[in-house]
1. According to a simple spin-label model (label point 7 Å from Cα along Cα-to-Cβ), what is the distance in nm between S169 and K191?
2. Rank the residues S130, S288, S142 as a footprinting-exposure proxy: fewest other Cβ atoms within 10 Å of their Cβ go first.
3. Amide H of F99 versus every other amide H placed in the peptide plane: which residues, excluding those fewer than 5 positions away on the same chain, fall under 5 Å?
4. If the only charges are +1 at each Lys and Arg Cβ and -1 at each Asp and Glu Cβ, what is the size of the charge dipole of the chain around the Cα centre, to the nearest 20 debye?
5. With each label point set 7 Å from Cα along the Cα-Cβ vector, what nm distance links S327 and A113?
6. If you put +1 on each Lys and Arg Cβ and -1 on each Asp and Glu Cβ, how big is the dipole of region 43-165 around its Cα centre, in Debye rounded to 20?
7. Which of the pairs K281/K306; K55/K281; K162/K333; K158/K247 have their Cα atoms more than 23 Å apart in this structure?
8. For the chain, what does -39500 (n - 2.57) per DSSP helix run (n ≥ 4), summed and divided by total residues, give at 222 nm, in deg cm²/dmol to the nearest 500?
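Values in this text are rule-based calculations from the coordinates and carry no lab data. Just so you know, these numbers come straight off a predicted model, no measurement behind them. Cβ placement follows ideal geometry from the backbone for every residue including glycine, while neighbour counts extend to all protein chains displayed.
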Amino acid sequence: MTDRFAKSLSVAAFVVVAASSSAVAQENVLNLYSSRHYQTDEQLYSNFTKQTGIKINRIEAEDNPLLERLRNEGKNSPADVILMVDAARLWRAQIDGLFQPVKSKVLDTRIPANLRGKDDGNGSEWYGFSTRGRVIVYNKASVNPEDVSTYESLADSKNKGKVCTRSGSHPYMLSMIGSMIERNGEAATEKWAQGVVNNFARPPRGGDTDQIKGVASGECGVAVTNTYYYVRLLRSNKPEDKELISKVGFIWPNQKTSGTHLNISGGGVAKNAPHRDAAVKFLEYLASDEAQGYFANGNNEWPVVKSAVAANPALESLGKFKAENVSIATIGKNQIAAQKILDRVGYK
């Protein structure tokens, strides 16, 4: 029996028991639907239970299956909180009306306005709790970093045969391209996407770690990746990871112009949450300095709360950088236009 299946059975068993439990008992549980699958989050959740006495029952799955499950469950869903790991996915859940409005001075005060999303039509509302940068890595032996210092440079003819990415349709890429649409417009972004396709070293495949490995091996000259994949390798004690990372250079893109694209991990209270008070309490906990520290130190993400401290030397070693100033909610909305562009240029 897999851990994920066991967790699903645990939540199913909870639903049966909860139906016959008292209202008081129900206040001491929280049903979490999460696409975060990081072992380091265990401490995040267990600390919430220690502080509040509220037990967390989890279902973990990739975003699309999780969203489909929520749609199918409808009003009968036991979900209290939904956590997603990308702006495009959060926007999808938002327009599907899977979240509900939340009134919380804690969240409104601590979470920056550009890291929130709200649909005024259906009231669906979510908050970002951590950020990660979409950065450029390059092969130190074969690529001049000045030739790949911006996202736009990946489409330059000088980089023909050098560029590697994961699938353009992956939400991480859709969010990055959605950001480019917001900054540069659809026409310029389509021209860029065509240039990237022309410069591919190989067809898009694999995850972000595979892109870094491709750069280190020389199969790729340059690639894009989320920062926490890179930092994981930096923190690794495995000799093969140390050798790999020694061959790869790191760039904060667009530092002289728009800044580096940021994506988020975030969530909200499920539309039909049976334990709404516990759900709000959990979201407020995620905005606490302590929980924000777990995001930074456990999964190499940046806190969104200014007062939180990231005591992570590997993450800090990346240095200060200029981040783009684009609404995360707007990036999510642009994913449909982004996908159409990718389809037109053959960016698989």
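1. 2.8
2. Numbers: S130 27, S288 18, S142 13.
Ascending number of Cβ neighbours within 10 Å: S142, S288, S130.
3. When sequence neighbours closer than 5 places are left aside, the close amide H contacts are E125, K271.
4. In debye, rounded to 20, the chain gives about 340.
5. 1.0
6. Dipole about the Cα centre, nearest 20: 360 debye.
7. Listed pairs above 23 Å: K162/K333.
8. My calculation for the chain gives -13000 deg cm²/dmol from helical runs alone.
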